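Contents: one structure, followed by commentary.
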Amino acid sequence: MSAAPHIVVLTGAGVSAESGLSTFRDKTGVWTKYDWREVATPEGFAANPALVHSFYNQRRHDVVEAQPNAAHKALSALEARLEASGGRLTLVTQNVDDLHERAGSRRLIHMHGEIMKSRCAICGDVKPCTEDISTESLCVSCKAPGGMRPHVVWFGEMPLYLDEIAEAIARADLFVSIGTSGNVYPAAGFVAEASSIGIPCTELNLEPSENAYAFSDRRYGPAGEIVPRWAEEIFP
Ligand code: APR
């Protein structure tokens, strides 16, 4: 690619796997140990909020312990190179961890929310959150008890920033999907959206995803190895 392009990158749990954070659907993934209906739906939260809090409190602890890996760093370095040359990298992540921002990514969209933030279900206030949340936690804004929850998107809820994402894809020169199994919509549909308007699509993953057939360029291996190699190749 010669002139500085606008690249839209979608990441999933695979990009954080080498940082020690579990993926969801691999053999030892989160959904082999927990029932997503119990811990990641509004119905599950209504039935057993304490269980849901303990699940996300543990995940928040894991994120605090984790460090960005070579894939996160290669994406932020690529963004800086593109910006300096008049190009752009829009990073859309399904991950609720903060490893992309800790690696230095700036133009970042958290479509499934952020574990390091809490939200009050009563007044809607979103705040940074490093502490455990419980059924007794009070909202610092409206002072109501019982409404605090992690600022994450559960199954059955609408992902965030879908208009901004559609706009970025419509203006992209390249769409790249990294470390996602392609099981969860609407993110799994972005490749079809991009290829239907003639945008080339690249998949970087440990193994072919559910949507592998839809990508014109496919590269397989650990993200910490293949993402830095791809980033250097696409825009040195
Ligand atoms: N490098 C690259 N890819 C990897 C690595 C690695 N080191 N390890 C695993 N992968 C790949 C797996 O092969 C798999 O295709 O990452 C993908 C992870 O897939 P999922 O576990 O399904 O995670 P993801 O696609 O992010 O899930 C989407 O599902 O439950 C929800 O909200 C949750 O955002 C999440 C969404």
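Relative contact order of the chain, taken over Cα pairs closer than 8 Å and 6 or more residues apart, is 24 percent.
So how strong a dipole does region 1-118 carry about its Cα centre when Lys and Arg Cβ are +1 and Asp and Glu Cβ are -1, to the nearest 20 debye?
Details: 13 positive and 13 negative charges, 48 e Å.
Its charge dipole is roughly 220 debye.
Of the residues ALA50, GLY20, VAL140, the one whose Cα sits farthest toward the positive end of the charge dipole of the chain, with +1 on the Cβ of Lys and Arg and -1 on the Cβ of Asp and Glu, is VAL140. The amide H of VAL92, built 1.01 Å from its N in the peptide plane, has VAL9, LEU10, THR11, ILE109 as neighbours under 5 Å, considering only residues 5 or more places off or on other chains.
Amide H to amide H under 5 Å from MET148: which residues, 5+ apart in sequence or cross-chain, H placed 1.01 Å off N in plane? Result for MET148 returns ALA121.
Give me the orientation-averaged projected area of the Cα convex hull of the chain, in nm², one decimal.
Working: hull surface 49.7 nm².
Averaged projected area of the chain's Cα convex hull equals 12.4 nm².
When the Gaussian network model of the chain links Cα atoms closer than 10 Å, the mean-square fluctuations of ILE169, ILE115, ILE197 top out at ILE197. Check cross-link reach from LYS73 to the aspartates and glutamates: straight Cα distance under 13 Å, and skip same-chain residues fewer than eight apart. Qualifying aspartates and glutamates at Cα under 13 Å: GLU18, ASP98, GLU101, GLU225, GLU232.
Which helices of the chain meet both criteria: a Cα extent of 15 Å or more along the helical axis and a mean Kyte-Doolittle score no lower than -1.0, with helices taken as whole DSSP H segments? Can you show the working numbers first?
Working: long enough: 49-65 (24 Å, -0.71); 70-84 (21 Å, 0.19); 223-234 (16 Å, -0.09).
Within the chain the helices that satisfy the rule are 49-65, 70-84, 223-234.
Could you give the longest part of the chain that holds none of the GluC sites (Glu not before Pro) found in DSSP loops with at most 11 neighbouring Cβ atoms within 10 Å? Here the longest segment lacking exposed loop sites spans 1-130.
Assign unit charges at the C-beta atoms only (+1 for Lys and Arg, -1 for Asp and Glu), then state the dipole size of the chain relative to its Cα centre in Debye, rounded to the nearest 20. Please list the in-between numbers first.
Numbers: 21 positive and 30 negative charges, 42 e Å.
About 200 debye.
Projecting the Cα atoms of THR180, LEU91, ALA194 onto the dipole axis of region 80-208, where Lys and Arg carry +1 and Asp and Glu carry -1 at the beta carbon, places LEU91 farthest toward the positive end. Distances between placed amide hydrogens fall under 5 Å for LYS117 paired with CYS129, HIS151, all partners being 5 or more residues away or on another chain.
For LYS143, give me every one of the lysines with a C-alpha distance below 16 angstrom, ignoring sequence neighbours fewer than eight places off in its own chain. Qualifying lysines at Cα under 16 Å: LYS127. Average accessible surface for the chain: 47 Å² per residue, computed with a 1.4 Å probe over protein heavy atoms with every protein chain in place. For the pair LEU162 and SER22 in one chain, pulling the backbone fully straight at 0.36 nm per residue adds 47.9 nm over the alpha carbon distance. Taking SER141, SER209, SER76 in turn, the Gaussian network model of the chain (Cα-Cα springs below 10 Å) assigns the largest fluctuation to SER141. Counting protein heavy atoms only, the chain has 52 percent of its accessible area on carbon and sulfur, 1.4 angstrom probe. CYS123 sits with roughly 60 Å² accessible to a 1.4 Å probe, with DNA, RNA and ligands left out of the calculation. Annotation note: chymotrypsin sites (Phe, Trp or Tyr not before Pro) in region 128-215 located in DSSP loop regions with a Cβ neighbour count of at most 15 within 10 Å are PHE155, TYR161.
The values are calculated or read from the model by the stated rules, or taken from the named source; none is laboratory data. The structure displayed is predicted, hence computed values, not measured ones. In this analysis, Cβ positions are derived from the backbone assuming ideal geometry, glycine residues included, and neighbour counts consider all displayed protein chains. Note: areas computed on protein heavy atoms with side chains; ligands, DNA, RNA excluded. Shrake-Rupley method; radii C 1.70, N 1.55, O 1.52, S 1.80 Å.
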